[in-house]
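Remarks on the structure that follows.
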Amino acid sequence: MTPGFAEPVLGAQSSFRAMLHALSHPGRIVELPDAPQATAPLGPAMGALALALCDADTPLWHDGGAAVTDWLRFHTGAPLTEAHAARFLLASGAPPALAGLALGSDEAPQDGATLLLQVTALEPVDGWRLSGPGIESSTSLRVSGAPPGFVAERAALAALFPRGLDIMLCAGRHIVGLPRTTIIRDAR
């Protein structure tokens, strides 16, 4: 079994702060230098966020197979559940249908799930055009390896605001935050 953080408390704190920074500045690529080498198919950034966010009280869904289940159970103790009931979802492949995930309610939008989506690469160049809170006017982000139809599927959730889904894109040791308030347009 691959190890978790070399320094569990410091690694989790550092990763959590990086995630908050990424969510506060949507579209900005943030590095997680302390990210451990997680059990495949999870990449280092996704593994680091899982270790920082999940515990025995956090219903979790993932698509990584038995070795990832063992790794997550050992390092976090998080109970596994169906995608629609999960607080955190780790998708190393195509995620479940976004509309079928926990989106919170008008009274408790914070109960919406967070999706960690592994992609191939993140680059601050033309591809997607992002706008919304935390972005001065707009910013560009090229995402390689996003599932087909992802931008349209996510855009369909906008009408449900304040309910919704927060998304962390993970590529290698890098993350990008996409809070539910971020508008994505495919510039290609």
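The values are calculated or read from the model by the stated rules, or taken from the named source; none is laboratory data. All values reported here derive from a predicted model rather than from experimental measurement. When we count neighbours, we look across all protein chains shown, and the Cβ atoms used for this are built from the backbone with ideal geometry, even at glycine. Calculation scope for accessible area: heavy atoms of the full protein, side chains included, ligands and nucleic acids excluded. Shrake-Rupley method; radii C 1.70, N 1.55, O 1.52, S 1.80 Å.
Using the 2.2 N^0.38 Å rule of thumb for compact globular proteins, work out how region 1-104 stacks up: its C-alpha Rg over that value, please.
Numbers: Rg = 13.3 Å, N = 104, 2.2 N^0.38 = 12.8 Å.
Working it through for region 1-104, the quotient is 1.03.
Debye calculation, C-alpha points only, no solvent: report log10 I(q)/I(0) for the chain at q = 0.09 Å⁻¹, in the same order as the q values.
Evaluating at q = 0.09 Å⁻¹ gives log10 I(q)/I(0) of -0.29.
So, in nm, how far is label ARG173 from label GLU7 when the simple model puts each one 7 Å beyond its Cα toward the Cβ?
Each label point lies 7 Å from its Cα, and together they span 1.5 nm.
With the cut-off at 14 Å, report for region 138-187 the share of all Cα pairs above it, as a whole percent.
In whole percent, the share of Cα-Cα pairs in region 138-187 beyond 14 Å is 54.
Give the accessible surface of region 1-135 per residue, rounded to a whole number of Å², with probe radius 1.4 Å and ligands, DNA and RNA excluded.
Result: 45 Å² of accessible area for each residue.
Take the Cα pairs of region 33-75, get the Kirkwood Rh, then feed it into Stokes-Einstein at 37 °C and 0.692 mPa s and tell me D in µm²/s.
In µm²/s, the coefficient rounds to 313.
Please give the calculated 222 nm ellipticity per residue for the chain, where each DSSP H segment of at least 4 residues contributes -39500 (n - 2.57) and the sum is spread over every residue; nearest 500 deg cm²/dmol?
-7000 deg cm²/dmol
Rounded to the nearest percent, how much of the accessible area of region 1-122 (1.4 Å probe, protein heavy atoms only) is carbon and sulfur? Write down the numbers at each step before the final one.
Values: 3010 of 5460 Å².
Result for region 1-122: 55 percent of the exposed heavy-atom area is carbon or sulfur.
Select from SER140, MET168, ALA50 the residue farthest towards the positive end of the dipole of region 37-188; place +1 on Cβ of Lys and Arg, -1 on Cβ of Asp and Glu, and compute about the Cα centre.
SER140
For GLU136 and PHE161, FRET efficiency with R0 = 30 Å and r from the beta-carbon atoms, rounded to 0.05?
0.90
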